[in-house]
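Before any comments, here is the structure.
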Amino acid sequence: MDKLQMYIDGRYTDAANGEWFESDNPFTGQPWALIAKGGPDDVELAVQAAHRAFTTGPWPEMTASQRGHLLRKLGDLVARDAKRLADLEVQDNGKLIAEMQAQCNYVPQWYYYFGGLADKIQGAVVPLDKKGYFNFTRHEPLGVAALITAWNSPLLLLAWKLAPALAAGCTAVVKPSEFTSASTLAFVKLVEEAGFPPGVVNVVTGFGRDVGNALVGHPLVRKVAFTGSDATGRAINELAAKQFKRVTLELGGKSPNIVFNDAKLDDAVNGAVSGIFAATGQTCIAGSRLLLQEDIHDQFVEKLLALAKTARMGDPKSLETQVGPITTRPQYEKVLGYIDVAKNDGAELLMGGGPATRPECGNGWFVEPTVFSGVKNDMRIAQEEVFGPVLSVIKFRDEEEALAIANGVRFGLGAGVWTNDIGRAIRMSERIQAGTVWVNTYRAVSYMTPFGGYKDSGIGRENGQDAIREYLQVKSTWINTGAPSGNPFVLK
Ligand code: NAD
C-alpha cells in the first residue's frame, strides 16, 4: 500500500509517534493507502513552523503582489494536474469522475481570483472629527490559520480557505478529513513547486480528536476555518472562543427546494433530482426537502420518480455512472439508519429505501436513491441532515405556508425557488433564512459570490471579496499633525 507522509516546515515526514492509519476506497470497500497518523506533537511542530514563517523569513517580507503571483502560479499547477488530482480523489472518496474532473478544473479559479485580490486590500484615510490628527486604517493578516476540511469535496473546500488565507498574508496548517487525506497531500507538493517558502503551508493528517482538537486549542493559531458537521463546528466554536479566535464555520444544511404551480415543471424536476442525487446527496447544499404546491404535487412526483429511476449506479471511475457510493462506512450506516427512522415515523416510501445490491455496485457502500412523500416538517427526516441520497417531499398550500416550512428548521444554508412570477421570486428570496437562494436553478456556486450559512449552518462567509476579510484584522493609526499636547488633568 502507498504510504503518504505529512508536510511540515517544507519537509515530508512520518508522524512523531510513527503510527499510520488506512484510507479506504469506497467502491471496493478496501484500504488502498496508509496515511501518517499525526497527533499533538506534530501539531506543535506544524504550528511553530507556521508561526515562524508568519513572523520571520521571506513570507512577511513579500509584497501583496508577490503573494498574488505565487497564488496564480499555484492555480496554474493545479490546472496542469487536475486530471491526476481528480483520479486520486475518486479512488479515495468515491465521488464520480465526471464531477471530480469538473471540480478539479474549477479549483484553480480560487487561486487566480484571490491571487488577484491580494494587492487590492486597501485601508482608508478617515476624515476625523478632531483637528490636528491624521488617521488611517490598514488590514493586517491574523496570523496562523488552522484550515480543517470535510471529506466530500476536499480540494474545493481547501481552496475556499487557503486561497484567501494566503492572499491575506496568513500562514496555514491544514488538516484534511481522516477519510480523504490523499488529495491534500498530493496538492501540497504543488504548493512547494509553486515556490511558497517552507512553513507557509503545512499539512498534518490524522483524526479530529487528536489533530483537530490540538490545532484549534493551540495558542499560536489565531484563526480557524472549518467545514464539517454542526456538532464538530459547535465544539470548535466553544474551544476557539476561549482564546478569542476568529472562526469561519461552514456547517450542514436541510435545504428546501420549493416548487410553485406556475414553475416550468420539467426544469424544476431536473433541479430537484440534481439537488438531492448529485454527489450521492453528500453535499451541504443538498436540496433534501422538496416542497411542492399541492395542486402540482402528484404530477411532479410522477415526473421526478420517472427521472430518478433512470440513474445509473456503479463504478465512480466510469464516465457513464451517475450515482456513486457513500464515501465512508459510518456515513453509509448513518444514511440507512435515517431511512429506517423515516419509515418508522410514517413517511411513505416511493422509491429506494435500502442498500443498493445491483451487481454493478460490487462491494461498495451504495444506497438506493430514495424518495419519501407525505413527510411532515416536524419529522426527524425533515429536520436532521442525512447527507445522502434521501429526498423528503412535503406539500404546501401557498407562499406563507411554504415560507413557514422552509424556515422551520435550525439550518439555513441554501434554498431553491421555482416560479415564473418575478414578484414571488423576490418576495421569497427576501424572506427565506438562508445564505444562498437560487431562483429557477439549484446548486450553483462560484468563487466570486459569498457562500455561508444562516442559523446553525455556520458563521462567516467563504468566496467573493468578503472572504478575504475573514483572515484580516483592522488597525487604526493616529498621528498628531499639530494638536497641542495640553495638561492631561484638564479635559476639553
Ligand atoms: P466532521 O465534522 O465529522 O469532520 C470535519 C473535519 O473536522 C474533519 O477533518 C475531522 O477530522 C475534523 N474534526 C472532527 N472532530 C474535531 C474536533 N473536535 N476538533 C477539530 N476538528 C475536528 O464532518 P464530515 O463528516 O467530515 O463532513 C460532513 C459535514 O460537513 C456535513 O454536515 C456537511 O453538511 C458539512 N459540509 C458543509 C459544507 C459547507 O460549506 N457548509 C460543505 C461540505 C460539507
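The values are calculated or read from the model by the stated rules, or taken from the named source; none is laboratory data. If you're wondering where the values come from, they're calculated on a predicted model, not measured in any experiment. Reconstructed Cβ throughout: ideal geometry from the backbone, glycine too, with neighbour counts over all protein chains shown. Heavy atoms of the whole protein, side chains included, go into the accessibility calculation; ligands, DNA and RNA do not. Shrake-Rupley method; radii C 1.70, N 1.55, O 1.52, S 1.80 Å.
Each row is one residue, and each column tells you yes or no for (1) surrounded by fewer than 14 Cβ atoms within 10 Å (Cβ to Cβ); (2) within 16 Å of the ligand (Cβ to nearest atom).
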| residue | (1), (2) |
| --- | --- |
| Lys131 | yes, no |
| Asn135 | no, no |
| Leu142 | no, no |
| Lys161 | no, yes |
| Ala168 | no, no |
| Val173 | no, yes |
Scanning for something assigned to a helix (DSSP H, G or I) and either of a type in the set (Phe, Trp, Tyr) or open to solvent by 60 Å² or more (accessible area, probe 1.4 Å) (or both), does region 433-445 turn up at least one residue? no
Return the only residue of Val144, Val173 being out of contact with any Ser or Thr (no Cβ under 7 Å at 6 or more places or on another chain) and in the same structural domain as Asn463 (by TED's automatic domain parsing). Val173
Candidate set from region 99-129 (those that are open to solvent by less than 50 Å² (accessible area, probe 1.4 Å), over 28 Å from Pro198 (Cβ atoms) and within 16 Å of the ligand (Cβ to nearest atom)); member that is modelled with the lowest pLDDT: Glu99
Selection within region 217-229 - open to solvent by less than 30 Å² (accessible area, probe 1.4 Å) and within 9 Å of the ligand (Cβ to nearest atom): Gly217, Val224, Phe226, Thr227, Gly228
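Residues checked against (1) open to solvent by 10 Å² or more (accessible area, probe 1.4 Å); (2) closer than 17 Å to Arg289 by Cα; (3) part of a helix (DSSP H, G or I):
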position: Lys395; (1), (2), (3): yes, yes, no
position: Glu400; (1), (2), (3): yes, yes, yes
position: Ala406; (1), (2), (3): no, yes, yes
position: Arg424; (1), (2), (3): yes, no, yes
position: Glu430; (1), (2), (3): yes, no, yes
Looking at (1) more than 29 Å from Phe179 (Cα to Cα); (2) open to solvent by less than 60 Å² (accessible area, probe 1.4 Å); (3) in contact with a Pro (Cβ under 8 Å, 6 or more places away or on another chain), find the lone condition where Pro58 falls short. (2)
Within region 247-259, can you find the residues that are over 20 Å from Val386 (Cβ atoms) and touching an Asp or Glu at 6+ places or on another chain (Cβ under 7 Å)? Thr248
What are the pairs, 6+ residues apart or on separate chains, where a residue within region 187-216 that is open to solvent by 10 Å² or more (accessible area, probe 1.4 Å) has its Cβ under 8 Å from a residue that is in a helix (DSSP H, G or I) and among the acidic types (Asp, Glu)? Ala214/Glu44
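Given the residues Leu190, Leu251, which is the only one that is more than 24 Å from Lys83 (Cβ to Cβ) and modelled with pLDDT of 95 or more? Even if it seems obvious, please write down each step before you answer.
Numbers: Leu190 fails: more than 24 Å from Lys83 (Cβ to Cβ).
After ruling out the rest, the residue left standing is Leu251.
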Modelled with pLDDT under 95 and not in a helix (DSSP H, G or I): which single residue out of Glu320, Glu385 fits that description? Glu320
Residue under question is Thr232, and the condition is that it be in the same structural domain as Ala406 (by TED's automatic domain parsing), more than 20 Å from Ile405 (Cα to Cα) and either in contact with a Gly (Cβ under 9 Å, 6 or more places away or on another chain) or among the small types (Gly, Ala, Ser) (or both); does it hold? no
Pro154: passes all of (1) open to solvent by less than 10 Å² (accessible area, probe 1.4 Å); (2) under 24 Å from Arg52 (Cβ atoms) but (2)
For region 336-365, how many residues are open to solvent by less than 30 Å² (accessible area, probe 1.4 Å) and either farther than 16 Å from Gln383 by Cβ or in contact with a His (Cβ under 9 Å, 6 or more places away or on another chain) (or both)? 7
Which ones in region 230-246 are near the ligand (Cβ under 6 Å from one of its atoms) and either surrounded by 21 or more Cβ atoms within 10 Å (Cβ to Cβ) or within 17 Å of the chain's Cα centre (by Cα) (or both)? Thr232, Ile236
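Which one of these is of a type in the set (A, V, I, L, M), more than 16 Å from the ligand (Cβ to nearest atom) and within 22 Å of the chain's Cα centre (by Cα): Val409, Val439?
Step by step, each of Val409, Val439 is checked, and only Val439 is of a type in the set (A, V, I, L, M), more than 16 Å from the ligand (Cβ to nearest atom) and within 22 Å of the chain's Cα centre (by Cα).
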Identify, from the list Leu291, Leu249, Leu307, the residue that is touching a Phe, Trp or Tyr at 6+ places or on another chain (Cβ under 6 Å) and either in a helix (DSSP H, G or I) or away from the ligand (no atom under 11 Å from the Cβ) (or both). Leu291
Only one of these is in the same structural domain as Ala165 (by TED's automatic domain parsing), within 10 Å of the ligand (Cβ to nearest atom), outside any helix (DSSP H, G or I) and farther than 29 Å from Ala102 by Cβ: Gly199, Gly206. Name it. Gly206
